[in-house]
Amino acid sequence: MNENIKVRVTNLSKQFGDLKVLDNISFDVLQGEFLCVVGPTGCGKTTFLNSVTKLYEPTSGEILIDGKPVDLQKNNISYIFQEQSTMEWYTVEQNIEYGLRIRGVPKVERRQAVDEVLEMVGLKGFRKYYPRELSASMVQRVVIGRAFATKPELLLMDEPYGQLDIELRFKLEDELIDLWRKTGTTVIFITHNIEEAVYLSEHILVLTNKPSTIKKRITNNLPRPRNVIDPEFIRLRNEVTELIKWW
C-alpha cells in the first residue's frame with residue numbers, strides 16, 4: 001500500500017432493506033489531503049460519510065485507515081455534523097476541551113491544547129462565554145476548534161456551513177483552510193455547494209444519483225487564496241455543475 005494513502009475505500013456498498021444507497025464505491029484519500037464530495041440532492045452523501053467511518057456498517061466493501069480496518073476505538077476521527085453541535089451548558093473553553101477530557105488527556109496538556117486552539121480560531125477573549133452568547137459564526141468556530149483540539153488523523157465535515165449566509169461562509173472557509181494547513185489533518189468535506197467545493201478542495205469526488213457511484217474524481221490545482229471570479233475557477237465550477245446536472 002502506498003505509504004501516502006491515509007484512507008482506502010474499496011467496493012463500498014450500503015443498502016437499507018430494498019433501498020441501495022451506495023453502489024461499489026472505491027477511492028483513496030492521501031495523507032493531509034482536502035477532499036470534497038458533491039452530488040445531487042438526496043444522493044446519499046451523508047450515508048457515504050457515515051459508511052466510511054462505519055457509523056453505518058457497510059453492506060459490503062472494505063475501508064482502511066493506514067492500511068488497517070477502521071476502528072473507532074483506535075482511530076482518532078472527528079466529525080462535524082450539519083446541525084449545530086455545541087453543548088449549551090458548557091462554556092467555549094469547556095466545549096473545546098470536551099474531546100480531550102473524554103480521551104483522558106492530562107489536565108495540564110488539555111489546558112495548553114485549549115489555549116492553542118482558542119488562539120487559532122480567534123476566540124481567546126470569549127473562553128468563558130456560553131454558545132447562546134455568541135454569533136452563529138463564532139459558534140461554528142467553537143465546533144471546528146473542538147474538532148481540531150484532539151489533533152484528529154481524519155476530520156469529517158458534513159455540510160457544516162449550510163445554514164450560514166455567504167459572507168460568513170467564506171470567512172469560515174478561509175479559517176478552515178488556515179487550520180488545515182497548520183495541522184496537516186486529512187479532511188473529507190461533504191457539500192451540496194459546488195462553489196464551496198471548488199474553493200476548498202484539492203480533489204473533488206462527484207457522486208451520481210442513488211444508488212450512488214463515483215462519476216468522476218477531479219484534481220483541483222487552483223492556487224490559494226482562490227478567487228471565485230477567476231476564469232479557471234469558473235471553468236472548474238461549471239465542469240462540476242454539468243457532471244451533477246446531466247446523467
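Got a number for residues in segment 97-113 being in a helix (DSSP H, G or I) and under 22 Å from the mean Cα position of the chain (by Cα)?
Residues meeting the conditions: 6.
Please report, ordered by residue number, the helices (runs of 4 or more DSSP H) entirely within segment 142-247 with at least 2 residues that are under 12 Å from Leu35 (Cα atoms) and out of contact with any Pro (no Cβ under 9 Å at 6 or more places or on another chain).
By residue number, 194-200.
Scan segment 151-173 and give yes if some residue there is surrounded by fewer than 19 Cβ atoms within 10 Å (Cβ to Cβ), modelled with pLDDT under 85, in contact with a His (Cβ under 8 Å, 6 or more places away or on another chain) and within 30 Å of Glu242 (Cβ to Cβ), otherwise no.
Checked against the condition, which is being surrounded by fewer than 19 Cβ atoms within 10 Å (Cβ to Cβ), modelled with pLDDT under 85, in contact with a His (Cβ under 8 Å, 6 or more places away or on another chain) and within 30 Å of Glu242 (Cβ to Cβ), segment 151-173 yields at least one hit.
Could you look through segment 30-49, keep only residues that are in contact with a His (Cβ under 9 Å, 6 or more places away or on another chain) and surrounded by 19 or more Cβ atoms within 10 Å (Cβ to Cβ), and pick out the one that is nearest to Asn209 (Cα to Cα)?
Gly39
Would you check which residues across segment 50-66 are crowded, with 16+ Cβ neighbours inside 10 Å, touching a residue at least 12 places away in the same chain (Cβ under 8 Å) and not in a loop (DSSP other than H, G, I, E, B) and list them?
Result: Ser51, Val52, Gly61, Ile63, Leu64, Ile65.
Select from segment 93-103 the residues that are under 16 Å from Ile77 (Cα atoms) and without any contact (Cβ under 8 Å) to a residue 24 or more places away in the chain and list them in ascending order.
Those that are under 16 Å from Ile77 (Cα atoms) and without any contact (Cβ under 8 Å) to a residue 24 or more places away in the chain: Arg101, Ile102.
Checking Ile188 against (1) under 21 Å from Leu72 (Cα atoms); (2) at pLDDT below 85, which test does it fail?
With respect to (1) under 21 Å from Leu72 (Cα atoms); (2) at pLDDT below 85, Ile188 is out only on (2).
List, please: which pairs have Cβ atoms under 8 Å, are six or more places apart or on different chains, and start with a residue in segment 5-32 that is closer than 21 Å to Leu200 by Cα and end with one that is in a loop (DSSP other than H, G, I, E, B) and of a type in the set (Val, Ile, Thr)?
Gly32/Thr185
The values are calculated or read from the model by the stated rules, or taken from the named source; none is laboratory data. What you are looking at is a predicted structure, and each value in this text was computed from that prediction instead of being measured. Please note: Cβ atoms are built from the backbone with ideal geometry, for glycine as well, and neighbour counts cover all protein chains shown.
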